[in-house]
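The values are calculated or read from the model by the stated rules, or taken from the named source; none is laboratory data. Nothing here was measured: the structure is a model prediction, and the numbers come from that model. A quick note on method: Cβ atoms are made from the backbone with ideal geometry, for glycine too, and the neighbour counts reach across all protein chains shown. Keep in mind that these areas ignore ligands, DNA and RNA; they rest on the heavy atoms of the full protein, side chains included. Shrake-Rupley method; radii C 1.70, N 1.55, O 1.52, S 1.80 Å.
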Amino acid sequence: MQPDRLSTGGRIDRSLPLTFRFNGRTCQGYAGDTLASALLANGIRVVGRSFKYHRPRGIMAIGADEPNAIVQLGTGAATIPGLRATEVELYDGLVATTARGWPGLKFDLLSVNEFFSPLLSAGFYYKTFMAPGFLWRWYEHGFRHASGLGISPRETDPDSYEHYNAHCDVLVAGGGPAGLMAALAAAKSGARVIIADEQGEMGGSLLSDGATLNGNPAGVWLGKALDELQRCPEVIILPRSTVSGYYDHNFLTILERCRDHPNQRDAEGVRQRLWRVRAGRVILAQGSHERPLVFPDNDRPGVMLASALSGYIRRYGVCPGRRAVIFANNDGAYLTALDLVQVGASVSAIIDCREYGAGAVAEPLREAGVDIYQGYIVTGASGRNGVRSVQVVPVSADAGAVKSGRKIIHCDLLAISGGWNPAVHLHSQAGGRIHWDDVRSCFIPGAPRQDHVSVGACNGSFSLDACLEEGKQAGQEAARACGFEPAPFSTPEVGRERPGEAHPLQPLWRVPLPRSPRRHPKQFIDYQNDTTVADVYQAVQEGYRNVEHVKRYTALGFGTDQGKLGNINGMAVLAECLGKPVAEVGTTTFRPPYTAVSFGACAGAAVGDLYDPVRKTALHDWHEAAGAEFEVVGQWLRPWYYPRAGEGLDEAVARECLAARRSLAIMDASTLGKIEVQGPDAATFLERIYTHNIARIETGRCAYGIMLGEDGMVMDDGVMARLGGQHYYLTTTTGGAARVLGWLEQWLQTEWPELKVYLTSVTERWSTIALVGPDSRKLLQGMESDIDFNREDFPFMSVRSGSLAGFATRIFRVSFSGELAYEINVESDFAPALWQTLMAAGQQYGITPYGTESMHVLRAEKGFIIVGQDTDGSVTPLDLGLTWLLSRDKDYLGKRSLARPDCRRPDRKQLVGLLCEEGPEALPEGAQLVEQPGGEPPVAKLGHVTSSYYSACLGHPIALALVSAGRARKDDVIHAALRNGRCVRARIVSPVFHDPEGERQRA
Amino acid sequence: MLLINCPWCGPRDESEFGYGGEADIARPANPDALTDEEWADYLFMRKNPRGLHREQWVHEHGCRRWFVLERDTVTYEITDAT
Amino acid sequence: MTRQKYSIFSLLRNAVSRNENWQQAWRSPAPRKKYDALIVGGGGHGLATAYYLAKEHGMRNVAVLEKGWIGGGNTGRNTTIVRSNYLWTEAALLYEKSLKLWEGLSRDLNYNVMFSQRGVYNLGHSLQDMRDIERRVGANRLDGIDAEVVTPEQIKAAIPMINTSPRVRYPILGASLQRRGGVARHDAVAWGFARAADALGVDIIQQCEVTGIYRDHGRVTGVETRRGRIEADRVGVVVAGHASVLAGMAGLRLPLESHPLQAYVSEPLKPVLDTVVMSGAVHGYISQSDKGELVIGAGIDAYNGYGQRGSFHTIEHAMQAIIELFPAFSRVRMLRQWGGIVDVSPDACPIIGKTPVQGLYFNCGWGTGGFKATPGSGWAFAHTIARDEPHDLNAPFSLERFTTGALIDEHGAAAVAH
């Protein structure tokens, strides 16, 4: 069943076989496998197709750097696109498919692209498909369908996600030897520690390392270390958790995959959790990535990173081949050869580009009879669906030129190693620079910019001793920096089952070839995007010399491994083209996240019903029971209209408006912003805020007021009332409540801190019930109250406090409808009871509840504006004809701006009324206004319709509009340009359509 | 995400705060006496430096107090809070 | 040296010679001592300016000075949306000029900038949104710009993945649609303009940061750079993200604040979104690149910042918005996020014109809307520099408008980042 599974070894549980499907084929694996190890165990070599040439590809790596084995997991709503098989833990019933390759992976029609590959050179698409222009969409359609590594789900995500905010003293990224030592050192001091590792099992390289610790296999120490950490109450251990982003001020994100694997804990909870961590100190221990070697046809299935091969053998008991060749420029890959020998695979040859070969590690291999070719390189690999042989040639001592003496070596597996790249991603994300290290031939972290330190392999310290020691030091220092005293403890002793002393690595960024690299088979740098050495050469030749230009022109590093595998090789090849040292070519920015993070995890719980809070008034239940339709106004839900059986919007609104004009109507106006202003300097403060004179307003009186921005534009409006000597109350628009309060606070605190004024938002404390209509006074007079509602005692624009039907109220005699009206404020807890009392008492007058739509009609009939509808941030009070509100005797915010030339232009757009001269239809709100129909674009626009309704009270439609120089053009006929091309005649009139003298509201 | 030290409440996440732009722009005592240019300068012109910036913040979802920070606009490092 | 023309034939010819004979797309000359005009900033706008100076005004003794690599600022960091459906005629005509140039740009430059007119939807989620859409679409049509209002049903038909259910927090009530809008390949725009400008004799000088602006009696005389002093009596500055810094070198202040603006892409997916969707109320914008990545723009970060990075909660908010609009994308993964620096003006409109220093011109303040304007901005700025006076199209976008109060307030018109 599993031809390439070894009979023993590995950390898999052979007693727990698992069945899974890959591209329709049923396979078996074991608990503890990844999908990648199980595929290899099943002898599956071709697992993907490359981006451009659709070349068959095999598993290359064992972790986050895998470019080829990209699978679609699951089906239906729960499918996940674009996962690396190397990171998918196997479970029973797993279904994986590959999105690329049609009709199948083994035979892909688009592999014909390779035949045309000379045409498809770097940036080819910038050079053609330009004419005729309209065909581009057609070409593009083809491109789009050939692209893409996964298929998006089509249905709503069935899973949920959450954010988890955490603070810790020390965050350790990476649970390998360095990270574990760091966590132990910090934890023993009592510090709060979080340690996260991307794999299902903590341990990192210890999980497949052959070294011993304190005389035992590494796994023993690992188990003890984890036990010890688990016993520390202040330590959080997060497996399956990738530290994905390092942001400013030591803020990091960790993606915890809680339920991607059915056997995982938390099975009932969220699928993934995004930890948002503010850390005191951060210890980066993310390890390193092995570099491939770049040679012709280095992408054959069966070509694999040496460390990945060792990992598959040691950790998963899988050996994906019988006859291996190792190709390397360093000693490390010899350990892979030892692993192979140990499990009984034959090693046909070790090809080492170094003339001086390896150190002591080569001895046991020589003894085992392995051919070691020192000073050789691989210059080709054959075997389309699986490597069959390699071609090797000797090279010069500097590995810069080939010599004669070509040999063919048969093999079914080629392990390659070009050295190691420390995972400097998080260090770089944190703002730290990286430096080229000539000795180790890699980029290593420079000085940190935030409170972090890199340890172990991600710091360029590749030996196990160094990892453990650096981790311990860093852990202790971090704890100390956070105010904890580190407890002494010893670093475990590293013993080796194999000899140590190593010869240095010899950089080999691409193999030398007899001819130009463009005249040899493709040498891949970025596997997923099919970026080759030839592409880099061509880019440089064409003038794309900056590393960023080369990357963008050739797509190098833009695959889903984000360049983890190929970027450094690419930069070195670029350096060679430019004749510069690698260090001078520089590197590109490492951008978050380290590995991909699902949208769902980033969004957390704030989706769907929790996307944005819904604000409802205290009377909401009543409105709902009354069958109201609702309108979204900012975060609020407001009753829009109350349809009776058979009524639509228009009928309901007509009925509601007529009730308000003729008898009695009632409205929930609770969403109005309400602010109390108190203190000895309250009047002084308000004088500077409002445009009108405050001092003249006596206690018990109200006034309409507008606030301007310092740019002179109308910002908000409302009623302000004087409740006492130093006690004012003001209302704002529903949407402006928070903004206005913030604005007032800002002026008060930052500009006029000497004023003794206190601002309190009372929006939610008070509910507001508007009682509107000629019968409103009668109704109130008929109720039990200590307020005298007589016209003389309670005049228009005044306020009274008192009890009404037993409720404590503040009643404002103001009107947004132009009718006799009262706005009753009552504490919100009592609002439903008062509302019902009023409804009951109002029966005799046919009391009619109305919503925002009728409110709009009623106020438009009176020419009252709605800020944000009739104004848009470019409208001054002069434009609105509110000159009477502008005090000449004082300064106020925005006053100076009104004196600027543009605000004095006579042709500014001004608020007017419009009467449609044609038909009974209301003009569309937003419709543009022009002088005459027709004309060539751009047609001069006079303004636009801001509000437009059918007025049941007047029996015809009315509209408010902003019209250039409109006030001086009364009775002129202009045209509304409708979207259907029609132009409708409209006459400019006063914006006050109803009761221009205002007698009804003062009644 | 910045960590901002509210002078009243201590260090808090940026998401609790509102930003108020350049600090120390005093409102002219007598706006009517200014030329249009001088008024425009007060209204719109900003230092917008690349480097240290004195700026206003408000602890919007906390104590609601305004305060001034000095922050580097490149490194985002906060150097002073008053 | 005659310039190779790009075409399927040149590809074939070069394929035969193993792609070993491609010419440089542009030279890398050493700066000369003196030019007729200097363009500071080698982004799309600066390169376009140089191209149109040479092409339309015959000014070929021109250099573009770039502190890093061309196209490395906002040109290479945006979400590549192109549209012209702005509210105010002044803005609409400028962006429409740009859109018209986009429509012929690949052929004009002989460089495929992959301008793909896949349509741009601006969603409305409230009655006021719909009024604003009606107003803007009406204005666009009178300005000769294609614009439609579409219903939720039409939106759903065109974008099957979008959630048009009325039972969501902010239901989609409709949208404006500009069919001629779309996306382009951002890097190609910089490269195409660079190659075409270079062919006309313009020197493109990279790694040449300007550190000072020389003036004499109120006239500009040249600039100091990391590669020495360069003289010119006309200097056009178009350095998105750093306009205030350059203005400071000439003793000027600008009404700008520089903010981080972030974006991100998903892993590449098979085609799933064939158009551009923008929403103001549910704040985010999204399209799918030819490579298959969902390209998503987030909101602007509140604070001033030159760090080319913003705060993570801004990304979270954009993510929530996208899932609100496209619930199925919740399982898609973010591959890469990044930030740019946008210079935001008080009215969300650019400043393109003369300055109090004779011969010194500024083109800045594009906020979040600069990419789409690239050709039009360069075209108008070239005119301004060549004639020492603005074209009618950019005359309203003078620095003086902040004194007179004649702002062109696009804030209300396109609450979503452009």
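Points worth noting:
- Hits in the stretch C:1-11 (condition: facing chain A (nearest Cβ under 7 Å) and in a helix (DSSP H, G or I)): C:ILE8, C:SER10, C:LEU11
- Inside the stretch A:634-649, residues that are surrounded by 15 or more Cβ atoms within 10 Å (Cβ to Cβ) and either among the hydrophobic types (A, V, I, L, M, F, W, C) or in contact (Cβ under 8 Å) with a residue 60 or more places away in the chain (or both) make up a count of 8.
- Wholly enclosed strands (runs of 3 or more DSSP E) of the stretch C:156-258 bearing at least 2 residues within 14 Å of chain B (Cβ to nearest Cβ): C:210-216
- Filter result for A:THR554 (of a type in the set (Ser, Thr, Tyr) and within 23 Å of A:PRO512 (Cβ to Cβ)): yes
- Residue match in the stretch A:585-596 (condition: within 11 Å of chain C (Cβ to nearest Cβ), surrounded by 18 or more Cβ atoms within 10 Å (Cβ to Cβ), hydrophobic (A, V, I, L, M, F, W, C) and in contact with a strand residue (DSSP E or B) (Cβ under 8 Å, 6 or more places away or on another chain)): yes
- Against the list (1) open to solvent by less than 30 Å² (accessible area, probe 1.4 Å); (2) within 14 Å of chain C (Cβ to nearest Cβ); (3) free of Cβ contacts under 8 Å to residues at least 60 places away in the same chain, the condition A:PRO613 fails is (1).
- The set of residues in the stretch C:306-320 being within 8 Å of another protein chain (Cβ to nearest Cβ) and over 19 Å from B:GLU77 (Cα atoms) consists of C:ILE315, C:GLU316, C:MET319, C:GLN320.
- A:SER990 vs. criteria of a type in the set (Ser, Thr, Tyr) and within 49 Å of the chain's Cα centre (by Cα): no
- Test: residue in the stretch A:463-482 that is within 11 Å of chain C (Cβ to nearest Cβ) and either crowded, with 21+ Cβ neighbours inside 10 Å or part of a loop (DSSP other than H, G, I, E, B) (or both): no
- Boolean, A:GLN374 is farther than 30 Å from A:HIS54 by Cβ and at pLDDT 95 or above: yes
- For the stretch C:268-288, the set of residues classified as assigned to a loop (DSSP other than H, G, I, E, B), of a type outside the set (Asp, Glu) and within 11 Å of another protein chain (Cβ to nearest Cβ) consists of C:PRO268, C:LYS270, C:PRO271, C:VAL272, C:LEU273, C:ALA281, C:VAL282, C:HIS283, listed by residue number.
- Residue check for A:THR589: part of a loop (DSSP other than H, G, I, E, B), touching a Ser or Thr at 6+ places or on another chain (Cβ under 8 Å) and either modelled with pLDDT under 95 or of a type in the set (Asp, Glu) (or both): yes
- Verdict on A:LEU149 being in contact with a Phe, Trp or Tyr (Cβ under 9 Å, 6 or more places away or on another chain), within 14 Å of chain C (Cβ to nearest Cβ), closer than 22 Å to C:ASP274 by Cα and surrounded by fewer than 14 Cβ atoms within 10 Å (Cβ to Cβ): no
- Considering residues of the stretch A:506-547 that are more than 24 Å from A:LYS52 (Cα to Cα) and touching a Cys at 6+ places or on another chain (Cβ under 9 Å) only, the residue nearest to the other protein chains (Cβ to nearest Cβ): A:LEU508
- Of the residues making up the stretch A:901-959, those that are under 29 Å from A:GLU651 (Cβ atoms), within 14 Å of chain C (Cβ to nearest Cβ) and in a loop (DSSP other than H, G, I, E, B) are A:ALA922, A:LEU923, A:PRO924, A:GLU925, A:GLY926, A:ALA927.
- Verdict on C:VAL265 being within 13 Å of another protein chain (Cβ to nearest Cβ), aliphatic (A, V, I, L, M) and either in a strand (DSSP E or B) or crowded, with 23+ Cβ neighbours inside 10 Å (or both): yes
- Scoring C:LYS291 on the criteria (1) at the interface with another protein chain (Cβ under 7 Å from one of its Cβ atoms); (2) open to solvent by 10 Å² or more (accessible area, probe 1.4 Å); (3) in contact with a strand residue (DSSP E or B) (Cβ under 7 Å, 6 or more places away or on another chain) leaves a single failure, condition (3).
- The residue pairs whose first member lies in the stretch C:16-44 and is not assigned by TED's automatic domain parsing to the domain that holds C:ILE213 and of a type in the set (A, V, I, L, M), whose second member is assigned to a loop (DSSP other than H, G, I, E, B) and surrounded by 16 or more Cβ atoms within 10 Å (Cβ to Cβ), and whose beta carbons are closer than 6 Å, counting only pairs six or more residues apart or on different chains, are C:ALA25/A:GLU542; C:ALA25/A:GLY543.
- Unique match (being assigned to a helix (DSSP H, G or I) and free of Cβ contacts under 8 Å to residues at least 40 places away in the same chain) among C:ILE323, C:ILE385, C:ILE315: C:ILE323
- Unique match (being closer than 27 Å to C:LEU12 by Cα and more than 9 Å from chain C (Cβ to nearest Cβ)) among A:GLY190, A:GLY142, A:GLY133: A:GLY142
- If you go through the stretch B:17-32 and keep only what is over 15 Å from the mean Cα position of the chain (by Cα) and either open to solvent by less than 50 Å² (accessible area, probe 1.4 Å) or among the acidic types (Asp, Glu) (or both), you end up with B:PRO28, B:PRO31, B:ASP32.
- Test: C:VAL332 is open to solvent by 20 Å² or more (accessible area, probe 1.4 Å) and within 7 Å of another protein chain (Cβ to nearest Cβ): no
- Whichever residue in the stretch C:64-73 is out of contact with any Ser or Thr (no Cβ under 9 Å at 6 or more places or on another chain) and crowded, with 24+ Cβ neighbours inside 10 Å and, among such residues, is nearest to C:ALA188 (Cα to Cα): C:GLY71
- First in the stretch B:49-62 and open to solvent by 90 Å² or more (accessible area, probe 1.4 Å), second anywhere and among the aliphatic types (A, V, I, L, M), Cβ under 7 Å, 6 or more apart: B:ARG50/B:VAL74; B:ARG50/C:VAL245; B:ARG54/B:ALA23; B:ARG54/B:VAL68
- C:SER28 satisfies every condition listed in (1) within 12 Å of chain A (Cβ to nearest Cβ); (2) open to solvent by 30 Å² or more (accessible area, probe 1.4 Å); (3) more than 30 Å from C:TRP338 (Cβ to Cβ) except (3).
- Boolean, A:LEU954 is open to solvent by less than 50 Å² (accessible area, probe 1.4 Å) and in contact (Cβ under 8 Å) with a residue 24 or more places away in the chain: no
- The set of residues in the stretch C:42-61 being of a type outside the set (D, E, K, R), open to solvent by 30 Å² or more (accessible area, probe 1.4 Å) and over 10 Å from C:LEU200 (Cα atoms) consists of C:HIS57 alone.
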